[in-house]
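Peer 1: Next up is a structure, given as structure tokens.
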Amino acid sequence: MTRFLGRRGGWATSLSVLVAATTLLSGATLCMATEQKAEIAANARQVYVPVGEWDKYYAFLSGGQSGSVLVYGLPSGRLIRSIPVYEPRAAYGYANIPGSDSYKRLKRTGAFWGDTHHPILSETHGDYDGRWLWINDKANSRVARIDLSHFETVAIENIPNLQGTHGIAVVSPDTSYIIVNGEFRAEIPEGLLKPDAYGSVMAFLDPESPAPRFEVLMPGNADINDSSKDGRWAFTTIYNLEKGVTIEEMIRRDEDAIAAINIPAAEAAIERGEFQTVDGVKVIDPAKTTKQVLYLVPVPKNPHGCDVTPDGKYVMGSGKLSPTVTIIDIAKLDKVEHPRDAIAGQPEVGLGPLHTTFDGRGNAYTSLFVDSQIVKWNIAKAVAGDPTYIVDRVDIHYNVGHTQAVLAETMHPSGDYLLSLNKLSKDMFLPVGPTMPENQELIDISGKTMHLLSSFPAEPEPHDAVFMRATDLAPKVVQVEKEPQPNAIKEGESRIERVGPHEVHVYMTAIRSKFGLPSFTVKEGDKVTITLTNIETLRDMSHGFALDRYGINIALDPGQTKEITFVADKPGTFWYYCTWFCSALHLEMRGRMLVEGENA
Ligand code: RUQ
Ligand code: CUA
Ligand code: CA
């Protein structure tokens, strides 16, 4: 039977076909129409979340070129939140004021925008612990850490010695490192390579900072990565083993590789001093270590996705220009004579395989960009050479890139839903300009065959997603600050202090529906620091502080304290007001900053 969300005009076309056919074969077609209606109703029931109930999963999606992380509810497909990372967001008071920490962080690391691709979640014992989320910025060589207790970006670092920060993964099972790849080969300074040569590295980051602890020089480039479940191996696909700089050069060979880095061997090399410090980072050249650090398994051709199975047995490279997925037996890597002998299978799955994900029941799901399909296949059968390894295929609209099944990156996938993150939506939505919305599709994978449930648009462009159970996440989120920050202002402490001839400090509280000071007076040219505490103790009682004509807005969660500094360089009266609709008297929650002119 054809799927419902069919190709162009699928529904409308099948309706007109139905009308035409009814005159001929009324019995059979009516039956089909009833069947289709029932299927639509069943799909709708599966994704509908009743008013006031939670979605089962929270999906963290890359916000692509927006430089944010998007939080969607699944199965509903509702956008719940966006977390600004590499871009300012005035609503949350994020990086919009020059003096603020978040602003300084973006300025220090190079740009006020980003190209986010791959969100990853912290793990304890191979499962998500709900503490932190990291995401790369491919455009500006950065990695950021988000604290999930507040859904807030708290750290961003530049990663030296690479360009095109792409593949990023947690080293399982206990987040010992974050690994991140340089997809573009670039100049590595200080003579590690010949002056005219380009190179690339895989960086092993300290999860918290997240700055590199060391880096490993890669042959060719490094694209998408993953780690083994015992923390011993880091893997990456390499699609440019040719070391080419043009597309023709990059696709010359029939085989590229999956590189496996033995992490204990790399750590031992660092300890023995077998590294060179480049741009402040210890860089290992695997050609020069006492113990073998790097293993190269040949994989056809310009492979992309690199995915370790939840049981930790295999790492798989999705072939991109080859219709195959290459399955590598991780336990054999350092035992066989040639790494090629660690290949356990190479099933043909379809055209343009990009990423592979898992249901925890022994099945793999591979996205096929060219075929616009997700293909489900059985891993054990493919390894055993049983030709019936393909289980099912489902059509996607259109050109799927990334795909992730729920909790597939952990050791315990839940095996119920799969998200298909598609590169083109073509005719799926009403035009909203020449650039169309991107499309995502939710697929039920709980049965033997896959079942396409719904599609929902996204900002350009969805690259990857990770998921947490709502019930696992909820207890980790801090709704009201219980511990006051050291600089918190208490009820009755609002005041203004002159701390120097040209410097004042304003201390204020915010609570429904007033600021601690209805007005304060400064002199033109004064450096003004405002410390503001939201003294609410109730969940969801945020207040804001916007200052007209001064380009200032900060947002304060219940119990939170924030500080802003600026120069009162314009004389006159300037209203400050609360930007979060907090009460029936929210509009009245405002006050005046009076700036006395120099000649006054
Ligand atoms: S990558 S489509 Cu999107 Cu960063 Cu595989
Ligand atoms: Cu406080 Cu609106
Ligand atoms: Ca190649």
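Peer 1: Quick check on packing: order 399-406, 283-290 by the mean number of other C-beta atoms within 10 Å, highest mean leading.
Peer 2: Values: 399-406: 25.0, 283-290: 17.1.
So the peptides 399-406, 283-290, ranked by packing, come out 399-406, 283-290.
Peer 1: Under a 5 Å amide H to amide H cut-off, with H placed in plane at 1.01 Å, what residues pair with N240 once short-range neighbours are removed?
Peer 2: Result for N240 returns N221.
Peer 1: A further question follows. Set the bar at 30 Å for Cα to Cα. Now go through K301/K376; K194/K229; K56/K104; K320/K426 and name every pair that lies beyond it. Provide the component values of the computation, followed by the final result.
Peer 2: Numbers: K301/K376 21 Å; K194/K229 36 Å; K56/K104 37 Å; K320/K426 22 Å.
Cα-Cα > 30 Å for K194/K229; K56/K104; rest within.
Peer 1: What residues have an amide H closer than 5 Å to that of R81, excluding those fewer than 5 places away on the same chain, when H is modeled at 1.01 Å from N in the peptide plane?
Peer 2: It is V71, by chain and number.
Peer 1: Between region 266-332 and region 513-534, how many Å separate their Cα centres?
Peer 2: Centre-to-centre (Cα) distance: 56 Å.
Peer 1: Another question about this same structure. How large is log10 I(q)/I(0) at q = 0.17, 0.20, 0.21 Å⁻¹ when the Debye formula is applied to the Cα atoms of region 33-152, each weighted equally and without solvent?
Peer 2: Treating every Cα as an identical point scatterer, log10 I(q)/I(0) equals -0.88, -1.08, -1.15.
Peer 1: If you don't mind, another one. Over the residues of region 495-596, compute the C-alpha Rg and express it relative to 2.2 N^0.38 Å. Write down the numbers at each step before the final one.
Peer 2: Working: Rg = 13.1 Å, N = 102, 2.2 N^0.38 = 12.8 Å.
Relative to the rule-of-thumb radius for its length, region 495-596 sits at 1.03.
Peer 1: Sort S66, S200, S176 so the one with the fewest other Cβ atoms within 10 Å of its own Cβ comes first.
Peer 2: Details: S66 21, S200 29, S176 18.
In increasing order of surrounding Cβ atoms, one gets S176, S66, S200.
Peer 1: Using +1 on the beta carbon of Lys and Arg, -1 on that of Asp and Glu, and nothing else charged, what's the dipole of the chain about the Cα centre, debye to 20? Intermediate values should be presented prior to the final figure.
Peer 2: Values: 58 positive and 75 negative charges, 170 e Å.
The calculated dipole for the chain is roughly 820 debye.
Peer 1: Rounded to two decimals, what is Rg over Rh for the chain when you use alpha-carbon atoms and the Kirkwood radius? Don't skip to the answer; put the middle values down first.
Peer 2: Numbers: Rg = 27.4 Å, Rh = 26.4 Å.
My calculation of the ratio gives 1.03.
Peer 1: Placing +1 on the Cβ of each Lys and Arg and -1 on the Cβ of each Asp and Glu in region 495-596, which of N553, T579, H502 has its Cα farthest towards the positive end of the resulting dipole?
Peer 2: Checked the options; the winner is T579.
Peer 1: Now for a separate question. Residue-wise, which Karplus ³J(HN,Hα) couplings in Hz belong to region 526-542, taking 6.51 cos²θ - 1.76 cosθ + 1.60, θ = phi - 60°, and x for glycine or proline?
Peer 2: Values, residue by residue: 5, 7, 10, 10, 10, 9, 10, 10, 7, 8, 5, 10, 10, 3, 6, 9, 8 Hz.
Peer 1: While we're here: At a Förster distance of 35 Å, what's the computed FRET efficiency of K243 paired with R108, Cβ-Cβ distance as r, to 0.05?
Peer 2: On the way: r = 33 Å, r/R0 = 0.93.
E(calc), rounded to 0.05, equals 0.60.
Peer 1: Which FRET efficiency, nearest 0.05, do I390 and R361 yield, Cβ-Cβ r, R0 22 Å?
Peer 2: Result of the calculation: an efficiency of 0.90.
Peer 1: Students often get this wrong: which residues of region 83-120 have the backbone nitrogen under 18 Å from the point 7 angstrom along Cα-to-C-beta of E152?
Peer 2: Taking a point 7 Å out along Cα→Cβ of E152, the residues of region 83-120 whose backbone N falls under 18 Å are 83-107.
Peer 1: Right, here's the next one. Between V49 and T573, what length in nm is gained on full extension when 0.36 nm per residue of separation is reduced by their alpha carbon distance? All intermediate terms of the calculation are to be shown ahead of the outcome.
Peer 2: Working: separation 524, 0.36 × 524 = 188.64 nm, distance 4.86 nm.
Full extension of this stretch gives 183.8 nm more.
Peer 1: Same structure, new question: Using 0.36 nm times the number of residues separating C31 and E187, minus their current alpha carbon distance, what extension gain do you get? Intermediate values should be presented prior to the final figure.
Peer 2: Values: separation 156, 0.36 × 156 = 56.16 nm, distance 6.57 nm.
Stretched fully, the C31-E187 segment lengthens by 49.6 nm.
Peer 1: Starting from the amide H of I552, placed 1.01 Å from N in the peptide plane, find each other amide H under 5 Å away whose residue is 5 or more places distant or on another chain.
Peer 2: L547
Peer 1: Please report how far the C-alpha centroid of region 125-158 lies from that of region 199-259, rounded to the nearest whole angstrom.
Peer 2: Using only Cα atoms to place each centre, the spacing works out to 20 Å.
Peer 1: Also, I was wondering about something else. How large is the dipole of region 495-596 about the Cα centre if only Lys and Arg carry +1 and Asp and Glu carry -1, each at its Cβ, rounded to the nearest 20 debye?
Peer 2: On the way: 12 positive and 12 negative charges, 31 e Å.
Its charge dipole is roughly 140 debye.
Peer 1: Kindly rank 102-110, 376-384, 429-437 from highest to lowest mean number of other beta carbons found within 10 Å of each residue.
Peer 2: Values: 102-110: 16.7, 376-384: 18.7, 429-437: 10.4.
So the peptides 102-110, 376-384, 429-437, ranked by packing, come out 376-384, 102-110, 429-437.
Peer 1: Moving to a separate point now. Which of the helices in the chain meet the span-like rule: DSSP H, Cα axial reach of 30 Å or more, Kyte-Doolittle mean at least -1.0? Write down the numbers at each step before the final one.
Peer 2: On the way: long enough: 10-47 (36 Å, 0.61).
Span-like helices here: 10-47.
Peer 1: Express in % the proportion of alpha carbon pairs of region 348-468 at distances exceeding 23 Å. Walk me through the numbers on the way to the answer.
Peer 2: Values: 1934 of 7260 pairs.
When every Cα pair of region 348-468 is considered, 27 percent fall beyond 23 Å.
Peer 1: Label-point separation (nm) for T449 and E503, each offset 7 Å from Cα along Cα-to-Cβ?
Peer 2: The modelled label-to-label distance comes out at 7.3 nm.
Peer 1: Among 325-337, 486-498, how do they line up by average Cβ neighbours within 10 Å per residue, starting with the highest?
Peer 2: Working: 325-337: 17.8, 486-498: 13.4.
Highest mean packing first, the order is 325-337, 486-498.
Peer 1: May I ask you to give the average projected area over all directions of the convex hull of the Cα atoms of region 242-385, in nm² rounded to one decimal?
Peer 2: Numbers: hull surface 41.4 nm².
If you wrap the Cα atoms of region 242-385 in a convex hull and average its projections, you get 10.3 nm².
Peer 1: Related question: Which loop-located trypsin sites (Lys or Arg not before Pro) does region 167-245 contain, where loop means any DSSP state but H, G, I, E or B and the Cβ has at most 16 other Cβ atoms within 10 Å?
Peer 2: Hits after loop and neighbour filter: K243.
Peer 1: Give me the net charge of R539's neighbourhood, meaning all other residues with Cβ under 13 Å from the Cβ of R539; Lys, Arg count +1, Asp, Glu -1.
Peer 2: Details: positive: K482; negative: E481, E536, D540, D557.
Residues near R539 contribute -3 overall.
Peer 1: Can you work out the Karplus-derived ³J(HN,Hα) for every residue in region 237-251? Use 6.51 cos²θ - 1.76 cosθ + 1.60 with θ = phi - 60°, whole Hz, and x for glycine or proline.
Peer 2: Once θ is set to phi - 60°, the couplings for region 237-251 become 7, 10, 9, 10, 5, 5, 6, x, 10, 10, 4, 4, 5, 6, 10 Hz.
The numbers here are math on the coordinates, done by the rules we state, and not lab data. The structure presented is a predicted model; accordingly, all values stated were derived computationally and were not measured. Every residue, glycine among them, receives a Cβ derived from its backbone with ideal geometry; neighbour counts consider all protein chains shown.
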